Amino acid sequence: MSMSDPLGDMLTRIRNAQMRRRPKVHTPASNIRGRVLDVLADEGFIRGYVRVEPKDGMPEFEIELKYFNGEPAIKKIARVSRPGRRVYSPVKDLTAVANGLGVAILSTPKGVMSDTKAREENVGGEILCNVF
């Protein structure tokens, strides 16, 4: 079965697993998902992830979720740019997410990065998701 929004699928899997207080969640592996997971790990929203290669199946990521005092580290994770409506932003129009407590993840010509790093690099791009 083909999937029209693989990144949205991963974000939903993370959201659902955190609602059920699961320690880990699995999602199919892809390059864009790996880059977004790198940013989430760097910003401290997840503990980390590993690529798992099953014998007979497709490779997948095992994401280790992060909790603090029983509450998920990710309060809200939302897809911004979707397949039906792409959202792009120049660097001068990037606003802080949740007054600086959150992060926007962008796909830029210099790679997938957080909004703060995009401001440092002075580059805009497609806003993939907001996390706080």
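Only residues that are in a strand (DSSP E or B) and either among the small types (Gly, Ala, Ser) or out of contact with any Gly (no Cβ under 6 Å at 6 or more places or on another chain) (or both) were counted across the stretch 61-78, and they come to 10. When you scan the stretch 16-43, how many residues do you find that are of a type outside the set (Asp, Glu), within 11 Å of the chain's Cα centre (by Cα) and open to solvent by less than 90 Å² (accessible area, probe 1.4 Å)? Of the residues in that region, 8 qualify. Within the stretch 97-132, can you find the residues that are assigned to a loop (DSSP other than H, G, I, E, B), open to solvent by less than 90 Å² (accessible area, probe 1.4 Å) and either among the charged types (D, E, K, R) or over 22 Å from Ile14 (Cβ atoms) (or both)? The answer is Val123, Gly124.
For the stretch 79-94, give me the residue count where each residue is of a type in the set (Ser, Thr, Tyr) and either at positive phi or assigned to a strand (DSSP E or B) (or both).
Taking the stretch 79-94 first, the residues of a type in the set (Ser, Thr, Tyr) are 81, 88-89.
Okay, now just the ones that are also either at positive phi or assigned to a strand (DSSP E or B) (or both), so 88-89.
Matching residues across the stretch 79-94 total 2.
Among all positions in the stretch 34-53, there is no residue which is part of a helix (DSSP H, G or I), in contact with a Pro (Cβ under 9 Å, 6 or more places away or on another chain) and touching a residue at least 40 places away in the same chain (Cβ under 8 Å). You will find that of Asn99, Asn130, Asn16, the residue that is of a type in the set (S, T, N, Q) and modelled with pLDDT under 95 is Asn99 and no other. Per this entry, Gly70 is not counted among residues that are at negative phi and either open to solvent by less than 60 Å² (accessible area, probe 1.4 Å) or at pLDDT below 95 (or both).
The values are calculated or read from the model by the stated rules, or taken from the named source; none is laboratory data. What you see is a predicted model, and the numbers here were worked out from it, not measured in a lab. Heads up, the Cβs are rebuilt from the backbone with ideal geometry, glycines too, and the neighbour counts pull from every protein chain shown. Surface areas here come from the heavy atoms of the whole protein model, side chains and all, with no ligands, DNA or RNA. Shrake-Rupley method; radii C 1.70, N 1.55, O 1.52, S 1.80 Å.
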